[in-house]
1. Does any residue in the range A:98-127 that is on the phi > 0 side of the Ramachandran plot come within less than 8 Å, Cβ to Cβ, of a residue that is surrounded by 15 or more Cβ atoms within 10 Å (Cβ to Cβ) and at pLDDT 95 or above six or more places away or on a different chain, and which pairs are these?
2. Is the range B:218-226 home to any residue that is free of Cβ contacts under 8 Å to residues at least 40 places away in the same chain, within 14 Å of chain A (Cβ to nearest Cβ), within 20 Å of the chain's Cα centre (by Cα) and closer than 30 Å to residue A:39 by Cβ?
3. If we keep just the residues of the range B:25-51 that are surrounded by fewer than 21 Cβ atoms within 10 Å (Cβ to Cβ) and within 10 Å of another protein chain (Cβ to nearest Cβ), which is farthest from residue B:9 (Cα to Cα)?
4. Just give me the residues in the range A:191-209 being touching a strand residue (DSSP E or B) at 6+ places or on another chain (Cβ under 7 Å) and within 24 Å of residue A:123 (Cβ to Cβ), in sequence order.
5. Might you let me know whether the range A:52-62 holds any residue that is surrounded by fewer than 23 Cβ atoms within 10 Å (Cβ to Cβ) and more than 19 Å from the chain's Cα centre (by Cα)?
6. Looking at B:128, B:132, which one is within 14 Å of another protein chain (Cβ to nearest Cβ), within 17 Å of the chain's Cα centre (by Cα) and crowded, with 22+ Cβ neighbours inside 10 Å?
7. Out of the strands (runs of 3 or more DSSP E) lying entirely within the range A:1-81, which hold 2 or more residues that are more than 14 Å from every other protein chain (Cβ to nearest Cβ)?
8. Would you mind finding the one in B:184, B:190, B:145 that is within 14 Å of chain A (Cβ to nearest Cβ), farther than 30 Å from residue A:154 by Cα and buried (at least 24 other Cβ atoms within 10 Å of the Cβ)?
């Protein structure tokens with residue numbers, strides 16, 4: 001007899017039995033041992049029909065193809081730039097992917113991006129050995145000037161962005177800050193100093209309560225408490241997600 | 001002469017009072033606090049992160065690196081000389097080997113997961129407390145793992161088989177003492193650490209291991225609760241609002 005032993009969106013720990021019987025299928029973050037399906041990491045159990053998977057709550061960023069991330073230039077080499085991407089691995093940005101200019105051999109690459117610069121880039125490839133290639137060719141990919149960078153848990157990024165960017169648009173709209181959220185948990189924001197502080201606080205709040213329901217309403221009332229009634233958002237925002 | 005009553009007034013199968021908490025060190029990727037009687041352990045997990053020196057890197061999978069450290073003022077008598085010692089190196093190594101069977105580091109080639117175990121106060125059973133804390137911290141850090149690892153020391157004091165020895169019992173002089181630290185993977189019952197100091201017959205060893213198994217299941221529940229509580233507290237606040 002098959003049955004599920006956990007509720008949807010319940011916090012589960014490694015080794016916890018999620019379901020018994022062969023009618024259920026182990027998804028991400030779970031494994032089957034004998035008849036039972038067990039969790040293999042800390043997170044929220046997610047029941048989707050017959051499949052059971054885990055939405056992780058913690059852990060460092062693992063590079064994934066097509067993610068738009070923020071990276072910091074940590075080295076300038078002969079043929080490109082090496083970026084720190086808030087992960088166990090570094091990313092490589094080749095000259096060809098970094099600029100559309102013609103670059104002569106042996107040119108000084110720091111005139112494009114120098115040490116310590118933050119870039120918005122997109123992952124083009126990740127090998128099994130976790131060699132990461134990124135590109136700067138694409139809409140919204142650029143070098144960041146001014147503003148500030150904050151760090152958050154990369155697993156909370158989808159919550160900070162919200163459905164179709166709803167959450168981050170709300171913060172942008174209320175605080176009038178420019179915000180770019182990278183999938184690797186780095187967030188760039190720029191606005192007036194007072195508004196930046198509010199935005200940082202709001203993001204910290206979302207991060208802390210990301211696993212709870214009804215967060216959008218809470219964030220809205222938090223922002224309205226500071227700025228008064230918010231205008232309803234219409235149309236789509238051009239967020240980088 | 002017989003050992004009829006324990007120094008600490010416990011039953012022979014009773015554990016000392018246990019406290020556990022996850023996420024106590026904000027700067028670490030995962031952390032935990034584990035206290036059993038007067039033995040207190042803090043564990044902090046950093047990574048997966050870049051591993052140097054480079055020759056230690058394993059292109060096949062990530063490696064685990066444990067560091068066990070007793071603080072100078074932690075002991076029951078003499079000051080513990082700070083810095084690595086033969087004893088702490090051995091315990092770091094056995095901790096690593098006790099935790100390795102549950103960890104899945106395939107996803108992190110060339111990287112390292114660092115575990116630092118610090119003991120501000122000890123009263124015997126420090127390697128067991130360290131392993132319990134480390135496994136909570138690893139789960140908190142979001143490292144994929146099949147189960148938690150739980151450890152307890154059992155042994156024989158004079159003619160009695162006892163669970164969770166404290167320092168007074170280890171130093172008992174009325175008769176022979178055996179101290180057996182055991183670590184297990186609770187879901188499968190597999191043993192990942194088994195050491196012994198002293199002497200014991202085969203029969204007594206088997207009896208002691210049975211008692212260890214029962215004790216470990218009790219500690220396991222406390223470990224799981226510690227991890228869940230980290231997220232549960234927020235939910236209570238949520239309901240109050």
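1. Hits for this filter: A:116/A:72; A:116/A:73.
2. To start, the set of residues in the range B:218-226 that are free of Cβ contacts under 8 Å to residues at least 40 places away in the same chain comprises B:221.
If we keep only those that are within 14 Å of chain A (Cβ to nearest Cβ) as well, we get B:221.
Narrowing further to those that are within 20 Å of the chain's Cα centre (by Cα): B:221.
Subsequent filtering for residues that are closer than 30 Å to residue A:39 by Cβ retains B:221.
Checked against the condition, which is being free of Cβ contacts under 8 Å to residues at least 40 places away in the same chain, within 14 Å of chain A (Cβ to nearest Cβ), within 20 Å of the chain's Cα centre (by Cα) and closer than 30 Å to residue A:39 by Cβ, the range B:218-226 yields at least one hit.
3. B:50
4. Residue satisfying the conditions is A:203 alone.
5. yes
6. The match here is B:132.
7. Numbers: elements: A:17-20, A:30-33, A:36-39, A:43-48, A:51-56, A:68-76.
Here the list reads A:43-48, A:51-56, A:68-76.
8. Details: B:190 fails: buried (at least 24 other Cβ atoms within 10 Å of the Cβ); B:145 fails: farther than 30 Å from residue A:154 by Cα.
Going through B:184, B:190, B:145 in turn, just one is within 14 Å of chain A (Cβ to nearest Cβ), farther than 30 Å from residue A:154 by Cα and buried (at least 24 other Cβ atoms within 10 Å of the Cβ): B:184.
The values are calculated or read from the model by the stated rules, or taken from the named source; none is laboratory data. Remember, predicted model here, so these are calculated numbers, not experimental data. All Cβ positions, glycine included, derive from the backbone under ideal geometry; neighbour counts span all protein chains shown.
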